[in-house]
1. Show which aspartates and glutamates lie in cross-link reach of residue 104 when reach means a straight Cα distance below 15 angstrom and same-chain residues fewer than eight apart are skipped.
2. Can you tell me which lysines have their Cα less than 16 Å from the Cα of residue 167? Leave out same-chain residues fewer than eight positions away.
3. Accessible surface of residue 55 in the full protein assembly, 1.4 angstrom probe, to the nearest 10 Å²?
4. Before I look further, what does the chain give for accessible area per residue, probe 1.4 Å, in whole square angstrom?
5. Could you please state how large a percent of the accessible area of the stretch 154-210 is carbon and sulfur, counting protein chains only and using a 1.4 Å probe?
6. Per residue of the chain, what 222 nm ellipticity follows from adding -39500 (n - 2.57) for every DSSP H run with n ≥ 4, rounded to the nearest 500?
7. With a 1.4 Å probe and every protein chain left in place, tell me how much accessible area residue 261 has, in Å² to the nearest 10.
8. Any chance you could look up the accessible area of residue 203 with a 1.4 Å probe, heavy atoms only, rounded to 10 Å²?
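The values are calculated or read from the model by the stated rules, or taken from the named source; none is laboratory data. No experiment lies behind these values; they were computed from the predicted model shown. We work out accessible area using only protein heavy atoms, side chains counted, and drop any ligands, DNA or RNA first. Shrake-Rupley method; radii C 1.70, N 1.55, O 1.52, S 1.80 Å.
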Amino acid sequence: MRAPDQFLNPAEAARRLGVSAKALRLYEQRGLVVPRRTAAGWRAYGPEEMARAAEIAALRALGLSLAQVARVLDGASEALEPALAAHQAALEGQVRQLAGVVEKVRGLRADLAQGKAPTAGELARLLGPASAVAVAFDLPWPWGGEQFELRDVRPLNYIIGPLGSGKTRLAKRLAETLPNAAFLGLDRLEDDGAAARVRLDADPALNARVDRTLAWLIEDGAAASAALVALLVGLEAEGPAILVVDMVEQGLDQAAQEALIAHLRRRGPGARPLFLMTRSCAILDLAAVGADEAIILCPANHSPPTRVAPYPGAPGYEAVATCLASPEVRARTEGVIAWRPQVM
């Protein structure tokens, strides 16, 4: 019998694996890993279960869907070729980016040898992504014209705030101001996504990309729907360098939301930046926010929007957490507006 301290509860197991507790539950729900049970019925992960979960996490990091992970773990290796090819391409992209940074360092050293000291800005740019985008503009109503600055744009950027906080106006202003950006609004859902279907019929290449992504999401537990297809048409369409999406979870159930955000996270650091308006904890899982993601909070008191770190105790963290709700609650309260009776 193994010593009790060899077994971990789900929260500790998830922390050691570098995944969220939600992801660990999803592995269990799909039958990929089966935790032990204590005498009291609590889940417990021993060395065998942790080794299995680590394999699953590694395969997920390569871009495999949960269904593909299951097949690989069962001995079928055909799903590995496209995943490894994509991983190789991502690594080669990082190598090219690092080569560019090395060249900049070489140039700065050459200047330094000739007595020309690098500026603070040049040194700071060595640490930041080569594709960093900076934007500044005066905030629209309901703010008072204060200047908003965004010093870098991450691959995934979440815009969150309570009802009436101005997050939609901020999102639209970002789409207007950022270079070659576009706004994907809720009109994508009109007439059951009819406009999206027209675009798919007219563009075979777009249709193929949407079909491929939809198949991946379905394997990961999502159900095909008009809302999901309409969203994917916007996400997979070529053209805009940056996409701002209004309420990305609209019309999607929890499984679809979880599969979607897992897919978007695996696009890699060189992917097209996305700004996702959301109030769903399935989309913005604070425990799973990575280094390539950023949270922008629009406070209820209409103070200027601010970046919030995804750590308990960070300024604004509690405000972000209170804005989030499960997909079930979001669906139940959709369209509900707080109302206070007038005192006579």
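1. Answer for residue 104, where 15 Å is the Cα cut-off: 122, listed by chain and number.
2. Within reach: none.
3. Accessible area, nearest 10 Å²: 100 Å².
4. That works out to 54 Å² for each residue.
5. Ligands and nucleic acids excluded, carbon and sulfur reach 50 percent.
6. Taken over the chain, the calculation gives -14000 deg cm²/dmol.
7. Accessible surface of residue 261 is approximately 10 Å².
8. For residue 203, solvent-accessible area is about 60 Å².
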